[in-house]
Structure formats: structure tokens, C-alpha cells
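First up is the structure itself, then whatever we jot down about it.
The values are calculated or read from the model by the stated rules, or taken from the named source; none is laboratory data. None of the values given here were measured: they were computed from a predicted structure. Cβ atoms come from the backbone with ideal geometry, glycine included; neighbour counts cover every protein chain shown. The accessibility values were calculated without ligands, DNA or RNA, using every heavy atom of the protein model including side chains. Shrake-Rupley method; radii C 1.70, N 1.55, O 1.52, S 1.80 Å.
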Amino acid sequence: MAEFLQFLISGLTVGAVYALVALGFTLIYNASGVVNFAQGEFVMLGGMVTVFASAAGVPLPLAAVIAVVAAVVIGLLLHRFAIEPARGASAVTLIIITIGASILLRGLAAIVFDKQFHKLPGFTGETPIDILGAAVQPQSFWVLGGTAVVVVALYVFLEHTLLGKAVLATAANRLAARLVGINTTTIMALAFGGSAAIGAIAGILVTPITLTNYDVGTLLALKGFAAAMLGGMGNPLGAVVGGLLLGLLEAFGAGYLSSTYKDAFAFLVILIVLFAAPQGLFGRRAVERV
């Protein structure tokens, strides 16, 4: 029982991070139709900027705020100078642009920071908490709680604010949104900034557990993409469920089978979803009128 609970909490913790990355994918995809493979770099930036700002003497809460602001600025710059000039290009071209942006950000991070692994102290200490025989790090509760807050805040924003409804309108039909006076360019910039903030928050929350360095974003982006596809690309609820399921699959697979293949589960999920259910668990089948 203790072993099962240990794997369960570990899976939910890492799955919550994947869920946040998948939410970033979903937010940008809904607003602009772009699959942003630079999303993992926002997670990296959140962790790295917080680590170096904190090491420079900035209090941890303020360092976290600086990291989120830095990620948002970079997200806005990515939209303004990479995505917006290529508006109207094919989906493949836009994907290649985001991959190029990911490589650029990773290279700049290696120069500005370094290539070493770094860790933040746990927000409320690092003494494990015993839960029915399972040793749980206090930071796991911060990750789970922080993810829940982000999900609720995003839901409230989208469903109960005028700006959020503009995002939903742009996602539903960009041309119709423009015709009723919505500035879709601003909405897309907002989506990039919001997804960058979500990624940075994920990086800040998880760095005390998993460490961070300039290169962690690539694998996180792939796993977040797998989670988004599993839940249904474009569906926020699906992104959260897909992230948690992928985290649980990894944890139990590594625990009961072999940790050697832990990172392979994300790619296995992508293949299964592509072949068996391309629309994902919560996605809707596309209907085209002719």
C-alpha cells in the first residue's frame, strides 16, 4: 500500500507539471492555431531565472515574480517577431518557427546562465511527510496546489471576463471575432504571454524537486504535447486530465516495470493517440461542411 501511494503521489506531482505545460499548448493553439514547441523553454526560464535571481540575493517570492515577468516578455517577443510576421503560413512552417525559437532560447540560456543543474530550496522545508508509509516531499503539495490555482484562475478568466470571452471567440472563429470588433492580434499576443506565465509557474514549482538546467525544456515540451494530445488538443480540461494520466503512467510504469523506459511512455502515448483516437479523450471530431 505504501509503495502504491508513493507512486501515486509522485505521478500526480509530475503529471501536474505536464498538465501546466499542456495548458500552455492549449491556450496558444486555441487562440492562434499554432502548436508552440517552445513551451518547454518557458518552464526552463521560470526555474533558471528564479534560481539565479535568488542566488543574487533577491527574496524568493520576488525572484519568482521576476521569472514570470521575464517569461511573459519573451513570450510576447516570440509572438511579435516570429509568429506574427509569419501569419498565414502553413502549420508546418509555424511549427518549424517555434522549434527554431526553442533552440535559440536554449542556446541563449546556456550562455546567459550556465550548463549546470540547479535547485531551489523547498518552499516549506524538505523534510518528507509520512502518509500511510509513503514519504512525500512538502513541495509536492505546492505543485498540486499551484496547478489547481492556475486551472481555476484560467477557468474564471475564460468564462467570466470579457477578455476571456474574446479569447474563446477568437478560438471558435477568428474571422467572426474580427468582424465583431475583437483585435485578434492582441488576443494572440495575450495567449502567448499567458502560456509563458503558466510555463514559468510550472518551472518555479517543480525546480525544488527535479532540478533545472538550460536543457530541460525540450523533454517537457514533448511530454506536455503528449498530454495535450491525450486529452484532446485545444481542450483545457483534456490538457489537465491528459497531464495527470501521463504522469501516473510514467510513475507506475517506472515503479512496477522499469525506470529505463520512463521517458518512452510519452512517445508511446502520442503514437497510440494518433492511431486509435486522434481527437483525444475530450476532443471533438471535426465536421467540415461542403
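Of note:
- Residue within region 90-110 that is at pLDDT 90 or above, over 23 Å from Val17 (Cβ atoms) and not in a helix (DSSP H, G or I) present: no
- The helices (runs of 4 or more DSSP H) falling completely within region 145-255 that include 3 or more residues that are of a type in the set (Gly, Ala, Ser) and without any contact (Cβ under 8 Å) to a residue 24 or more places away in the chain map to 162-172.
- Evaluation of Ser140 against the conditions (1) out of contact with any helix residue (DSSP H, G or I) (no Cβ under 6 Å at 6 or more places or on another chain); (2) part of a helix (DSSP H, G or I); (3) more than 20 Å from Leu45 (Cβ to Cβ) shows that the sole unmet condition is (1).
- Some residue of region 143-157 being open to solvent by 10 Å² or more (accessible area, probe 1.4 Å), of a type outside the set (Val, Ile, Thr) and in contact with an Asp or Glu (Cβ under 8 Å, 6 or more places away or on another chain): no
- Selection status of Leu78, touching a residue at least 40 places away in the same chain (Cβ under 8 Å) and open to solvent by less than 40 Å² (accessible area, probe 1.4 Å): yes
- Qualifying residue in region 277-287 (condition: of a type in the set (A, V, I, L, M, F, W, C), assigned to a loop (DSSP other than H, G, I, E, B) and crowded, with 17+ Cβ neighbours inside 10 Å): yes
- Each residue in region 125-183 was checked for being of a type in the set (Val, Ile, Thr) and in contact with a Pro (Cβ under 8 Å, 6 or more places away or on another chain), and 4 of them qualify.
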